[in-house]
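Taking it in order: structure first as C-alpha cells, then the write-up.
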Amino acid sequence: MPHHTSLDNDTPLLRASGVSRFYGSRIGCHDVSFELWPGEVLAIVGESGSGKTTLLNCLSGRLTPTAGVVEYRMRDGTVRGIFSMSEAERRFLARTDWGFVHQDARDGLRMTVSAGGNVGERLMAVGARNYGAIRGEALDWLERVEIAADRVDDRPDTFSGGMRQRLQIARNLVTGPRLVFMDEPTSGLDVSVQARLLDLLRGLVADLGLAAIVVTHDLAVARMISHRLMVMRGGEVIETGLTDQVLDDPRSAYAQLLVASVLQP
Amino acid sequence: MTERDTSSLPSPSWGGAGGGARSERPRAERKGDAVRPAAPTAPSPTLPHEGGGSGHADTAYNFAYLDEQTKRMIRRAILKGIAIPGYQVPFASREMPMPYGWGTGGVQVTAAILGPDDTLKVIDQGSDDTTNAVAIRGFFARTAGVTTTTSTQDATVIQTRHRIPERTLTENQVLVFQVPIPEPLRFLEPRETETRKMHALEEYGIMHVKLYEDIARHGHIATTYAYPVLVDGRYVMDPSPIPKFDNPKMNRSDALMLFGAGREQRIYAIPPHTDVKSLDFEDHPFEVQRFEEPCALCGSTGVYLDEIVTDDKGGRMFVCSDSDLCEEQRAGQPVDA
C-alpha cells in the first residue's frame, strides 16, 4: 500500500496542543497536549467522566475544541490543523485516512445493510464502482477479521456482539487508514471474546503499521495493545508514559489507586 | 385578481361537499379519489375527459386556485431549482383541496406555471382516464379555465404521476411530476440534517450501497422505480416513482422537468438538455425493463406495459401504460383480429 512508502518518522502523525473543551462552566477536557507517532498505539485510561471520550471526539474532529490545536500529517506530508480545514476535507479525511471504532457497534455500522455492504461503503464513497471488486475486497476483509465468508450477505443485526465489533473494524480498515480512533472497543463483550478481539487488533495494528488512540477504562486492555498510556482525571492528563512503566510503577496517587483497583481473579 | 367578494364563495365548499354519504363509502383504493373540489352551488365544469376544456374559469377562484403571492413564491423556488439542477429547494407548501400524497406538490407547481393560453394534460400511471388525472384536470379546467387535452402532442404543460409519456417531449412542453418523497437518501440516512450535508458535500457513496445490497440479495439491481439519478454530474436526485424504464427519457430532454413534493415542501428541476445519469456499477450497468410481447391492444413494442387481469381464471394481458399513445396507435393502424 502506497502510504507505507511515504512513512518518514521525522514528524508526528498527530499533534495535540493545549486541547480543551468546556461544556459551559464544566470541564470536558483541559489543556491536553501530546504527540502520536506513526505505528504507535496510545491508550487513554481513566474513570467514567474523566474526559476520555470528549478528548477522543476532539482529536477525531467530531467535536470542536473550545481551545487548542490538533494537527495531522496528511499523506502528502503536509501538516494540517484539522479544525482549520473545510468540513468537506475533514469528513473526507475521516472516511479515508482515519477509522473510528465505536463502543456500540450500532453507532458504527449500518444495521440494515449486509456485512459486505458495510465493508464496501467506504470504498464506494471514494469512487469504487465495480461490484465484483468491492465484494472481493469485502470478502477479503471479513476473512481478516475472522468472519466466515458465508455471512457476507447477512445483516449485522444477526451477528453476535463480538462479530459486530470485528465487522466494525473491517469496515474502518478497508480504505487502509493510518490512524484509528477506538472508544472502548471491547467493553460489553465477554472476556473470551474480548481476548480474541484484542488479539486480532494487536495483529492488525502490527501488520498494517497503524497508529491508534484507544480510550478504555480497562487497564488490561491498555496493557495488551498500547505502547503508551495517558491517565486522565477530571478532564486533565495526570500521568503519561510507557504502558508498562505506568502500570507497573504508577507515580501519581490516582494512578496508583487505579492500578490497585483492578480485580484479581 | 386577488381581491374578491367573499360572498360569491360557496360557503360549505370543502367540508360540506358530498356530506356524510361520501365518507361512508368504502375507502377508495386508487389515489386521487378525494380530489374533487366540488362546490354544491357552483355549476359543475364540463369534465374534460375527451379533451377540450370548459374555456372559462369559475370566478370564485383566483386564476389556477392559488393566490398571486403564493404563485410568485413557488415560481421563485422553481427558478432556483432550475438554476441548480437536481437540488431540492424548500418552499412553503400550501394546503390544497386534496390530501397529501394525492399530488399536492405537482398541483402547486402546475398552478404556478400555468397561463391562460396553456393546454394541460394530466396523467396518472401513464393514463389519462384514472381518477387522479381526471380530477386534477377538472380542477384546473374549473379554476383556471385552461384548455385540457389527453393528447401528449398538444399539451404545453403535462402533470404526471409515475410516468413520463412515451412520445418524446419538445422544448415547448413542461413536465410536472408529483413527488411523494424527494430525498433519495432518506431510507439510508433518516436524519434530514445529515442528508442535506451529504448533498452539500457530494457524499453519495451510500447511494451505491443501496445498489450493492440489491445485487447481493437478488443478483441484479432490483430497484425498478424511483431509481436514483445523478443530475448534471452533481446532485443525486430521486426522479419520483417513475419506472426506471423512463429514466433515459430524462437525459438531455428538450422539455423542462419540474418536481413538486407538497408534504415534504420541496421543489426541484431538470432544465432542458441536462445530463441525467442513472447510477450503476461498471459490472452491473443500468438497464431498463424489457417486455417480451407487444401491447395486446395496439401492438406497440418498446413501450412500458401494464399487466391487466382480465378474469378470475388467470387471464391477463399486457397493454400500454401510456393510454394516449395506445389510442393513437389504434386509430392510426387498426389492429388485426
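The values are calculated or read from the model by the stated rules, or taken from the named source; none is laboratory data. Here the structure is a predicted model, which means the values were calculated and not measured. Every residue, glycine as well, gets a Cβ built from its backbone with ideal geometry; the counts of neighbours run over all protein chains shown.
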* What are the pairs, 6+ residues apart or on separate chains, where a residue within segment B:118-131 that is over 11 Å from residue B:150 (Cβ atoms) and in contact (Cβ under 8 Å) with a residue 60 or more places away in the chain has its Cβ under 7 Å from a residue that is part of a strand (DSSP E or B) and not β-branched (Val, Ile, Thr)? -> B:124/B:161; B:125/B:161; B:130/B:124
* Here is a list of conditions, (1) of a type in the set (A, V, I, L, M); (2) part of a helix (DSSP H, G or I); (3) modelled with pLDDT of 95 or more, and residue B:331 meets all of them except one; can you say which number that is? -> (3)
* Can you confirm whether segment A:61-68 contains a residue that is of a type in the set (Ser, Thr, Tyr), in contact with a Phe, Trp or Tyr (Cβ under 9 Å, 6 or more places away or on another chain), closer than 27 Å to residue A:199 by Cβ and away from chain B (no Cβ under 11 Å)? => no
* Restricting to segment A:163-199, what's the tally of residues that are outside any loop (DSSP other than H, G, I, E, B), farther than 24 Å from residue A:14 by Cα and aliphatic (A, V, I, L, M)? -> 6
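So that you can scan it fast, the table gives a plain yes or no per residue for (1) away from chain A (no Cβ under 14 Å); (2) touching a strand residue (DSSP E or B) at 6+ places or on another chain (Cβ under 9 Å); (3) not in a helix (DSSP H, G or I):
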position: B:154; (1), (2), (3): yes, yes, yes
position: B:160; (1), (2), (3): yes, yes, yes
position: B:169; (1), (2), (3): yes, yes, yes
position: B:181; (1), (2), (3): yes, yes, yes
position: B:184; (1), (2), (3): yes, yes, yes
position: B:189; (1), (2), (3): no, no, yes
position: B:197; (1), (2), (3): no, no, no
position: B:202; (1), (2), (3): no, yes, yes
* Would you tally the residues in segment A:195-228 being buried (at least 21 other Cβ atoms within 10 Å of the Cβ) and farther than 22 Å from residue A:35 by Cα? => 1
* To do: Could you grab the pairs with beta carbons closer than 7 Å, sequence gap of 6+ or different chains, first residue in segment B:273-289 and in contact (Cβ under 8 Å) with a residue 40 or more places away in the chain and away from every other protein chain (no Cβ under 12 Å), second one assigned to a loop (DSSP other than H, G, I, E, B) and hydroxyl-bearing (Ser, Thr, Tyr)?
  => B:278/B:227; B:289/B:224
* Take segment B:95-117 and flag every residue that is closer than 17 Å to residue B:265 by Cα, assigned to a loop (DSSP other than H, G, I, E, B) and either modelled with pLDDT of 95 or more or small (Gly, Ala, Ser) (or both). => B:101, B:103
* Can residue A:120 be described as in a helix (DSSP H, G or I) and surrounded by fewer than 21 Cβ atoms within 10 Å (Cβ to Cβ)? -> no
* Any chance segment B:206-224 includes a residue that's under 15 Å from the mean Cα position of the chain (by Cα) and either closer than 25 Å to residue B:99 by Cα or within 14 Å of chain A (Cβ to nearest Cβ) (or both)? -> no
* Structure fact -> Exactly one of A:96, A:78, A:53 is hydroxyl-bearing (Ser, Thr, Tyr) and in contact with a strand residue (DSSP E or B) (Cβ under 8 Å, 6 or more places away or on another chain), and that residue is A:53
* To do: Please specify each residue of segment A:130-162 satisfying the condition of being assigned to a loop (DSSP other than H, G, I, E, B) and more than 14 Å from every other protein chain (Cβ to nearest Cβ).
  => A:145, A:146, A:147, A:148, A:159, A:160
* Candidate set from segment A:75-91 (those that are within 14 Å of chain B (Cβ to nearest Cβ) and within 17 Å of the chain's Cα centre (by Cα)); member that is surrounded by the most Cβ atoms within 10 Å (Cβ to Cβ) -> A:90
* Asked: When residue B:132 is evaluated against the numbered criteria (1) over 21 Å from residue B:270 (Cβ atoms); (2) surrounded by fewer than 24 Cβ atoms within 10 Å (Cβ to Cβ), which criterion, by number, is the only one it fails?
  -> (2)
* **Check on residue B:169, without any contact (Cβ under 8 Å) to a residue 40 or more places away in the chain and either surrounded by fewer than 24 Cβ atoms within 10 Å (Cβ to Cβ) or of a type in the set (D, E, K, R) (or both)** => no
